[in-house]
1. Looking at V275, is it more than 11 Å from ligand 2 (Cβ to nearest atom), touching a residue at least 60 places away in the same chain (Cβ under 8 Å) and β-branched (V, I, T)?
2. Return yes or no: is R294 within 30 Å of V168 (Cα to Cα) and of a type in the set (K, R)?
3. Check off (1) acidic (D, E); (2) assigned to a helix (DSSP H, G or I); (3) within 23 Å of the chain's Cα centre (by Cα) for E55 and give me the number that stays unchecked.
4. Under 9 Å by Cβ, and 6 or more places apart or on different chains, what pairs join a residue from region 212-223 that is within 11 Å of L175 (Cα to Cα) and in the same structural domain as N246 (by TED's automatic domain parsing) with one that is β-branched (V, I, T) and modelled with pLDDT of 95 or more?
5. Look at R159 and say whether it is outside any loop (DSSP other than H, G, I, E, B), within 24 Å of L18 (Cα to Cα), charged (D, E, K, R) and in contact (Cβ under 8 Å) with a residue 24 or more places away in the chain.
6. Do we find a residue being part of a helix (DSSP H, G or I) and either within 16 Å of ligand 2 (Cβ to nearest atom) or over 20 Å from the mean Cα position of the chain (by Cα) (or both) anywhere in region 213-232?
7. Which condition does Q256 not pass, out of (1) touching a residue at least 24 places away in the same chain (Cβ under 8 Å); (2) more than 10 Å from ligand 1 (Cβ to nearest atom); (3) in a loop (DSSP other than H, G, I, E, B), if it passes all the others?
8. If you scan region 63-115, which residues turn out to be in a loop (DSSP other than H, G, I, E, B) and of a type in the set (A, V, I, L, M)?
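The values are calculated or read from the model by the stated rules, or taken from the named source; none is laboratory data. Predicted, not measured: the structure shown is a model, and the values here were computed from it. Every residue, glycine among them, receives a Cβ derived from its backbone with ideal geometry; neighbour counts consider all protein chains shown.
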Amino acid sequence: MLHRRLGRTGLDVGVIGLGMEHLTSPDTLVETVRAAVDGGVNYVDIMIWRPELQEALGVALQGIRNRVLLAGHLGVATHKGMYRKTRDPVECRQLLQDLLARLRTDYLDVLHITYVDAADDLDRVMAPSGVLELARRLKGDGVARALGMSGHSATTAMRLLESTDLDVVMQPVGLLDPSDAAKRELLHLCSRRGIGVVAMKPFHGGESFRLEEALSPWQCIHYTLSQPAVGVALCGVKSVIELHQNLGYLDAASEQVDFWPRLAEFQEPVRGTCVYCSHCLPCPVDIDIPTVLRLRAAAQDGVGDALRTQYGALGSPASDCVECGECTERCPFGVEVTELLGDAARLLEK
Ligand code: SF4
Ligand code: SF4
């Protein structure tokens with residue numbers, strides 16, 4: 001398994017995480033969680049609300065809790081066996097206590113405020129004595145190691161991040177997602193502030209495989225992991241077979257994960273804009289060009305400690321560029337690499 005740091009949380013996450021929304025039978029859930037952990041997966045997202053499935057997860061975790069980073073959702077309730085969202089802090093606390101009891105643990109590694117998209121819902125979450133306040137108390141009490149929020153609206157996420165100290169954001173990041181400016185802005189904001197991104201729906205709910213010319217799971221995962229600030233691609237599976245297909249990404253050849261020939265079908269890359277596809281590599285002086293360009297984009301609105309740390313961890317700084325021009329020749333999107341690297345050096349090597 002490849003590992004990444006999940007933003008400033010300090011958590012070391014395997015790049016392929018396990019989503020459980022599609023695991024609807026207790027036996028399959030236990031089998032799949034155990035196979036995932038055996039396969040090196042350590043980030044497990046608990047988007048399950050039926051008590052018998054939560055209990056099954058508790059069974060699956062017996063003896064391996066310390067090998068797993070558990071991400072739970074505050075505000076997930078159930079109604080007639082189906083998902084329901086609640087913003088009642090008393091109910092949220094009780095639901096979380098029930099979840100922990102069923103999981104046979106006393107803490108979660110990440111606690112997301114679930115599904116915050118609508119502006120009025122955000123106001124409710126942030127209101128005095130609301131769910132955000134509860135989440136902070138739970139972190140203070142050691143029930144959660146890191147706090148996050150999940151949702152689909154990049155604009156709402158940015159509003160929440162403006163006024164809070166959340167550590168993690170969970171949003172859809174996938175090849176079939178429209179390349180919207182707000183999502184790019186959100187990812188760069190996260191990169192700049194050291195906020196970890198958990199990327200959900202890399203397969204767009206399976207749509208990627210139903211196309212006339214289906215995408216492979218590996219192309220989807222590679223696209224998601226290539227985007228700024230993404231620590232883990234959360235792959236929902238129905239079975240151990242699907243899990244193993246996804247884990248095959250780790251051993252796939254570069255031409256098998258390559259997504260750029262399909263990119264224009266789903267997102268219209270603006271000529272001159274980097275899409276982090278890595279085709280400009282290798283660089284003779286070992287500059288990790290896509291990563292430098294990601295950090296440069298994030299640095300446009302200011303450079304904080306998180307960005308400096310990420311930049312400092314790179315083997316070769318942008319200023320090592322000898323302007324051989326090989327990268328620009330290879331880039332299919334007409335990115336003026338050397339110019340942007342100069343910019344990166346100016347912003348990040350001061
Ligand atoms: S510079 Fe071009 S080739 Fe390199 S990662 Fe960006 S888009 Fe891809
Ligand atoms: S121009 Fe600079 S960054 Fe590009 S391949 Fe040459 S040395 Fe590397």
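1. On the way: more than 11 Å from ligand 2 (Cβ to nearest atom): yes; touching a residue at least 60 places away in the same chain (Cβ under 8 Å): no; β-branched (V, I, T): yes.
Answer is no for this residue.
2. Numbers: within 30 Å of V168 (Cα to Cα): yes; of a type in the set (K, R): yes.
For R294, the condition - within 30 Å of V168 (Cα to Cα) and of a type in the set (K, R) - is met.
3. (3)
4. Cβ pairs passing all conditions: I221/V15; I221/I16.
5. Working: outside any loop (DSSP other than H, G, I, E, B): yes; within 24 Å of L18 (Cα to Cα): no; charged (D, E, K, R): yes; in contact (Cβ under 8 Å) with a residue 24 or more places away in the chain: yes.
So R159 fails the test.
6. Step one: list which residues in region 213-232 are part of a helix (DSSP H, G or I), which gives 217-226.
Right, trim to either within 16 Å of ligand 2 (Cβ to nearest atom) or over 20 Å from the mean Cα position of the chain (by Cα) (or both) and you get none.
Checked against the condition, which is being part of a helix (DSSP H, G or I) and either within 16 Å of ligand 2 (Cβ to nearest atom) or over 20 Å from the mean Cα position of the chain (by Cα) (or both), region 213-232 yields no hits at all.
7. (3)
8. Pass one, region 63-115, residues in a loop (DSSP other than H, G, I, E, B): 63-64, 68, 75, 80-81, 86-88, 104-107, 114-115.
Listed by number, the residues that qualify are I64, V68.
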